[in-house]
Amino acid sequence: MLLMHEVHKVNGTKEDDFEAAYRDGWMPMLAAGDDARLLWYTNHAHGSGMSYQVVTVTAARDGAAWGRLVDRIRDGDLQTWMRDLDLLRHEVIGTLQVPLPWSPLQEVDFAAVPVDGREHEPTMYMEDTMWPYEGKLDDYIEACGKVYSRSLQYENPFIAIESAVQPAFGSQTRGEVTLMQRIHKLDQLGRLLGRDIDPALRGPGTWMHDALEVRDQWESKLLRTSIWSPLF
Amino acid sequence: MLFIHETHRVDGRHEDDFEAAYREGWMPTLAKSDDARLLWYANHAHGSGWSYNVVTVTGVSDATAWGKLGERVLHGDLHEWARQLDGLRHDVKGKILVPVHWSPMQEIDLPGVPTDGVEHETSLFMEDTGWPYSSLDDYIQCWYDIYYEPMQRVPADMQLLDIQACFQTAHGSYQRREAILWQKIRDHDRLVGLLSHDFPPEHRRPGSYMYDALEFRDQWESRLLRTSSWSPLY
């Protein structure tokens, strides 16, 4: 399975049209075939980063399925739709991603992904993108799986990793890892943002301390799903 | 056909080892099957941009072949090679390209690409990457209408550039609104003339490429890339 992760710099005056294009266009058009599905449609929460930034994640069954999608967009039935979408955004940056070996999300049952735009409460995700030190990519992936991921596996967690990925060969930066983490307790998010990290959580033996052996650069995005996002 | 375009920020202390890894590792390993080949290995010419910047382009027959190759790099027999390569570079940034509809280069006979490292004269390419404010489709078409096609009417020995290919990014692999010209420089002296002189006024008036192309874009980047002496294509 491949994930097509796209960061759209949306024209703020067209944000509703942009969202409608995905809800009424992209999602059902993909649903007419078996190659791909829109999984997440999220807004980078205003007040926490770049304005009018939308993050979408589309799953393709495999490389061949993605290749067919590329052809449809380049000169097939999706060319005009994509051209019209470009009028609603300034730019889009894409990354093809593959699941890490320990990612909870390895395959998606396309039949189970909603494609009818059914509404629900929005949910919040913390998307963390890390850039391990040079030569430490594999070490980081292993440590993140064995230490960080397991540290979140307790009952009723504040946050849970739903997907852990790295760029597919040839797409964007090689030394990069991204975690899609659902926030289950918004009150704890407020505390995380508003307080220094407890010294007890920064000492030797903690992830915050020990992970500095493999990386010190990451970026967090707070993403709020739309009320119709297929996954939420 | 897909073209995997990678820009490597090489550790200057290891540039020879990095090049050897491609010549003696990547190129012959891909040669064991028919669905992928290293096509170009090129150095961003010192004095014209970033230091120790290497551009490689690997051709794969289709997206299935790309997927298989990616699996080998991430988890298979090429994983250790890629890991060791990471020790010779600071980072690498990649994008997957497809030829635009009018590109002179559409398909490459992959089994026919040299894989033995045979040496030859180096050649110099001007790689132009443009970011339009027009629609991407219109930009790609303008490159044919007001750049490529008129240039074909100029005698080859009068041309500065041999436009060998034009690419756009395969959707989802990188920035969408971007296109690339892959141009071999025919005459180095003429290049120096281009670099060292202002454009004459007649080349900046309506009807000239420099003027008319502003309808589609004003941002691009040129990189002068010199192929290695063993680069399969050059």
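The values are calculated or read from the model by the stated rules, or taken from the named source; none is laboratory data. For clarity, every value in this text was computed on a predicted model and none was experimentally measured. Don't worry about glycine lacking a Cβ; one is built from the backbone with ideal geometry, like all the others, and counts go over all protein chains shown.
Assess whether A:GLU6 counts as being in contact with a Ser or Thr (Cβ under 8 Å, 6 or more places away or on another chain), part of a strand (DSSP E or B), touching a residue at least 40 places away in the same chain (Cβ under 8 Å) and of a type in the set (Asp, Glu). Before you say what the answer is, go through the steps one by one.
On the way: in contact with a Ser or Thr (Cβ under 8 Å, 6 or more places away or on another chain): yes; part of a strand (DSSP E or B): yes; touching a residue at least 40 places away in the same chain (Cβ under 8 Å): yes; of a type in the set (Asp, Glu): yes.
Considered against the rule, which asks whether it is in contact with a Ser or Thr (Cβ under 8 Å, 6 or more places away or on another chain), part of a strand (DSSP E or B), touching a residue at least 40 places away in the same chain (Cβ under 8 Å) and of a type in the set (Asp, Glu), A:GLU6 comes out as yes.
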Q) B:SER135 is checked against (1) within 14 Å of chain A (Cβ to nearest Cβ); (2) in contact with a Leu (Cβ under 6 Å, 6 or more places away or on another chain) and fails just one. What number does that condition carry? A) (2)
(Q) Take the residues in the stretch B:51-79 that are within 19 Å of B:VAL10 (Cβ to Cβ) and outside any loop (DSSP other than H, G, I, E, B); name whichever of them is nearest to the other protein chains (Cβ to nearest Cβ). (A) B:VAL73
Q) Given the conditions (1) at pLDDT 95 or above; (2) more than 14 Å from chain A (Cβ to nearest Cβ), which single one is not true for B:GLN168? A) (2)
Q. Considering A:THR95, A:THR58, A:THR129, which residue is in the same structural domain as A:TRP207 (by TED's automatic domain parsing) and part of a strand (DSSP E or B)?
A. A:THR129
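Starting from residues that are assigned to a loop (DSSP other than H, G, I, E, B) and of a type in the set (D, E, K, R), keep the ones in the stretch A:163-186 and report whichever is farthest from the other protein chains (Cβ to nearest Cβ). Let's see the steps before the verdict.
Just the residues of the stretch A:163-186 that are assigned to a loop (DSSP other than H, G, I, E, B), to begin with: A:168-171, A:174-176, A:184-185.
Going one step further and asking which of them are of a type in the set (D, E, K, R), we end up with A:174, A:176, A:185.
Details: A:ARG174: 5, A:GLU176: 9, A:LYS185: 33 Å.
Step by step, filter the stretch A:163-186, then rank; the result is A:LYS185.
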Q. Does B:VAL113 satisfy being away from chain A (no Cβ under 13 Å), surrounded by 20 or more Cβ atoms within 10 Å (Cβ to Cβ) and hydrophobic (A, V, I, L, M, F, W, C)?
A. no
Q) When residues of the stretch A:30-53 are filtered for being within 23 Å of A:PHE110 (Cα to Cα), in contact with a helix residue (DSSP H, G or I) (Cβ under 7 Å, 6 or more places away or on another chain) and not acidic (Asp, Glu), how many remain? A) 4
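Run down A:GLY33, A:GLY67 and say which single residue is among the small types (Gly, Ala, Ser) and in a loop (DSSP other than H, G, I, E, B).
A:GLY33
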(Q) Can you find, within the stretch B:175-218, the residue that is nearest to the other protein chains (Cβ to nearest Cβ) among those that are basic (Lys, Arg) and farther than 22 Å from B:MET105 by Cα? (A) B:ARG217
Q: Can you tell me which residue within the stretch B:80-94, out of those that are more than 7 Å from every other protein chain (Cβ to nearest Cβ) and not aromatic (Phe, Trp, Tyr), is farthest from A:PHE169 (Cα to Cα)?
A: B:LEU88
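Select, from B:LEU224, B:LEU195, B:LEU233, the only residue that is more than 24 Å from B:PRO114 (Cβ to Cβ) and of a type in the set (A, V, I, L, M). Show your work before the answer.
Working: B:LEU224 fails: more than 24 Å from B:PRO114 (Cβ to Cβ); B:LEU233 fails: more than 24 Å from B:PRO114 (Cβ to Cβ).
The match here is B:LEU195.
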Q | Single residue of A:GLY135, A:GLY67 found to be within 14 Å of another protein chain (Cβ to nearest Cβ), small (Gly, Ala, Ser) and over 26 Å from A:HIS8 (Cβ atoms) | A | A:GLY135
**Q.** Filter result for B:ASP34 (assigned to a helix (DSSP H, G or I), in contact (Cβ under 8 Å) with a residue 40 or more places away in the chain and out of contact with any Ser or Thr (no Cβ under 7 Å at 6 or more places or on another chain))
**A.** no
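Is at least one residue of the stretch B:30-37 more than 9 Å from every other protein chain (Cβ to nearest Cβ) and under 30 Å from B:TYR139 (Cα atoms)?
Applying the first criterion (more than 9 Å from every other protein chain (Cβ to nearest Cβ)) to the stretch B:30-37 yields B:30-37.
Applying the additional criterion that residues be under 30 Å from B:TYR139 (Cα atoms) yields B:36-37.
Looking through the stretch B:30-37, at least one residue is more than 9 Å from every other protein chain (Cβ to nearest Cβ) and under 30 Å from B:TYR139 (Cα atoms).
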